[in-house]
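Okay, so here's the structure we're looking at.
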Amino acid sequence: MNTEFALADNDCYLALKARDARFDGSFFTGVTSTGIYCRPVCSVKTPKRENCRFFHHAAQAENAGFRPCLRCRPELAPHSVVWSIQDASYILAHQAARLLDEPEMWTEEAPSVDKLASRLGVSDRHVRRIFEAQFGVSPMQYLQTRRLHTAKQLLADTALPITQIALMSGYASVRRFNAAFLEHYKLNPTQLRRKGMNGSSNAEGSAGTDQGITIRLGYRPPYDVAAMLAFFNKRMIDAIEFIANSAHGTVTGRTLRIDSGGKPHSGWLRMRFDEVRSQLVLTVSDSLRDVLPLVIRRVRAAYDLDADPSAINSVLHASFPSGDGLRVPGALDGYELAVRAVLGQQITVAAARTLAQRMVGQFGEPIQTPWPELTRLFPAPAVLAAASGDALGQLGIVRQRQAAIVGIAQAVLEKRLQLHGGADVNATIAALKELPGVGDWTAQYIAMRALRWPDAFPTGDVALHKALGVQGQKNPARQAELASMAWKPWRSYAVIRVWSGAWSGAPASTPPDNKTSAIKNAAGRARKTVATALNCS
């Protein structure tokens, strides 16, 4: 078992008794009397302490012989995203997990330890050693659990054919998929559906060509939903996005194009937050069913559903006491985000939105959707790569930004630039800055939102200079960089909190070397929650 939890089992049990959603996905509980493992938020009767084993990852629980609970469904839990700035082995192991978690890294080849090691620039033996030391399972066991969780969610929430689910989950054949499913879950996929799971977590419909495919994605509170929606609303482009009120709450929708395996897929998405359950309800058009795992991953990234507020707030709360629920808004399409970032250089958000609106109207491909607000796709890389200076200039885009937009589109089209969560951050930032018209601010902004890098920091940002009180110094960018060191490795979140006005002017706390201290701090809060609930504080 992971040593991070060796000293925190009692704290985990307190969090389990409190059904504290802040710990969802941070650990899993294996119950020895039933052979089942659950999320901390499971609604079943709390098991006895002596019957509980705690695991940092679902893969560890499955490797120990436990099966996933059919009620709380561990595949719905937010992923555990942890960052360190000190331990090299720790960093490398989590980078390996990050690559395995990113399906866009493996669209043209099946992942293996050899390929993983090659991407990391180390030997396969070293990858296995540090991965098993950190996670308690091998890289392929970790990947196996991720694949089975993907399949389990698709089986439960959709009516997709089992053959298609097997292929979408990363299995080369239905036979291998059935064997793995039976070995780990003691059920075959058909039996799982017969247990009445299909649609059990979905009150708004499951699958259908007209209504789309609806699934639920979990997150850990606190989550400032209003702030996230306000950020997107301020930058919303008509025809490809909308935000509206409905009977179920605020609903967002947009069109999306995904190129996978050399084949384009396009359609629409609809999202709304179910804050009572700490879930985002996602509906995907049937035209995107073949890339559903990619869509799910992109939506999780766009809404920052895998963030761990306990770890982040343990570093940033002193400086931003009112910003504990803020997340970093991501992007459904890294290429689109990069183009929009260039359009926003040195102008207001409203002006950048106007330019983007003109670009979509001129170059965006028409699309039919059930939503009258969604009528176009964002211009494809091939379209903008071939756009003339005159055509872009007529939209009000100056020459320097024209070159940057064309350069980004060409680099993405030729696969010289990858703009998603599995990309090499330092190499991508360097490649972006080599393009004409792309400076450090733009590259860091893209790293923060498209690459999902939690420690991005645009040192030249004027708002940051004012917040840190360095705007009048000789080299404000350098001084801002030095002042931000106490916020590592969560400086992207600090930037969002400064921009939102949550800055208190207080010094930042010392960042933890890993997730252990964050777990201990959060466990202390869980004790108080349990004590209050039992009236024994």
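Each reported figure results from applying straightforward, stated rules to the coordinates on display, with no laboratory input. Everything numeric here is computed off the predicted structure, so don't read it as measured data. Neighbour counts run over all protein chains shown; Cβ positions are idealised from the backbone, glycine included.
Restricting to bridges with both residues inside the range 3-80, how much of the DSSP beta-bridge set is antiparallel, in percent to the nearest 5? Display every interim value, and only then the final one.
Working: 7 of 10 bridges.
Once the DSSP bridges in the range 3-80 are tallied, antiparallel ones form about 70 percent.
Which FRET efficiency, nearest 0.05, do residue 233 and residue 125 yield, Cβ-Cβ r, R0 51 Å?
Computed FRET efficiency for residue 233 and residue 125: 0.55.
Spin-label point model (7 Å from Cα, Cβ direction): what's the residue 188 to residue 475 distance in nm?
6.8
As a footprinting exposure proxy, order 478, 257 by other Cβ within 10 Å, with the fewest listed first. Walk me through the intermediate numbers first.
Numbers: 478 12, 257 21.
If I rank by nearby Cβ atoms, fewest first, I get 478, 257.
Sort 27, 363 so that the residue with the fewest other Cβ atoms within 10 Å of its own Cβ comes first and the one with the most comes last. Display every interim value, and only then the final one.
Values: 27 27, 363 19.
Fewest to most other Cβ atoms nearby, the residues stand as 363, 27.
Suppose only helical runs count, i.e. DSSP H with n ≥ 4. What mean residue ellipticity at 222 nm does that imply for the chain under -39500 (n - 2.57) per run, divided by all residues and rounded to the nearest 500 deg cm²/dmol? Display every interim value, and only then the final one.
On the way: 23 runs with 235 residues, N = 537.
Value at 222 nm, helices only, nearest 500: -13000 deg cm²/dmol.
Given a Förster distance of 51 angstrom, what is the FRET efficiency for residue 163 paired with residue 32, based on the Cβ-Cβ distance and rounded to 0.05? Show your work: numbers first, answer last.
Values: r = 36 Å, r/R0 = 0.70.
E(calc), rounded to 0.05, equals 0.90.
Taking 8 Å as the Cα distance limit and 6 or more residues as the minimum spacing, I'd like the relative contact order of the chain as a percentage. Numbers along the way, then the final one.
Numbers: 918 pairs, mean separation 79.9, N = 537.
Normalised by residue count, the contact order of the chain is 15 percent.
Report the label-to-label distance for residue 390 and residue 365 in nanometres (one decimal), using points 7 Å from each Cα along the Cα→Cβ vector.
2.6
Can you tell me which of 166-172, 450-456, 374-380 comes out highest on packing, and rank the rest after it, using the mean Cβ neighbours within 10 Å? Don't skip to the answer; put the middle values down first.
Values: 166-172: 18.9, 450-456: 24.0, 374-380: 22.3.
Listed from highest to lowest mean packing, they are 450-456, 374-380, 166-172.
Holding the Cα-Cα limit at 32 Å, pick out from 433/488; 115/433; 45/152; 48/115; 186/263; 152/234 the pairs that are longer than that.
Working: 433/488 23 Å; 115/433 28 Å; 45/152 23 Å; 48/115 43 Å; 186/263 36 Å; 152/234 36 Å.
Those over the limit are 48/115; 186/263; 152/234.
Can you sort 342, 398 by how many other beta carbons sit within 10 Å, fewest first? Kindly include the intermediate steps, with their values, before the conclusion.
Numbers: 342 26, 398 14.
Arranged by neighbour count, lowest to highest, 342, 398 become 398, 342.
Taking θ = phi - 60°, what integer Hz values does the Karplus form 6.51 cos²θ - 1.76 cosθ + 1.60 yield along the range 318-328, in sequence order, with x for Gly and Pro?
4, 7, 9, x, 9, x, 4, x, 6, 10, 8
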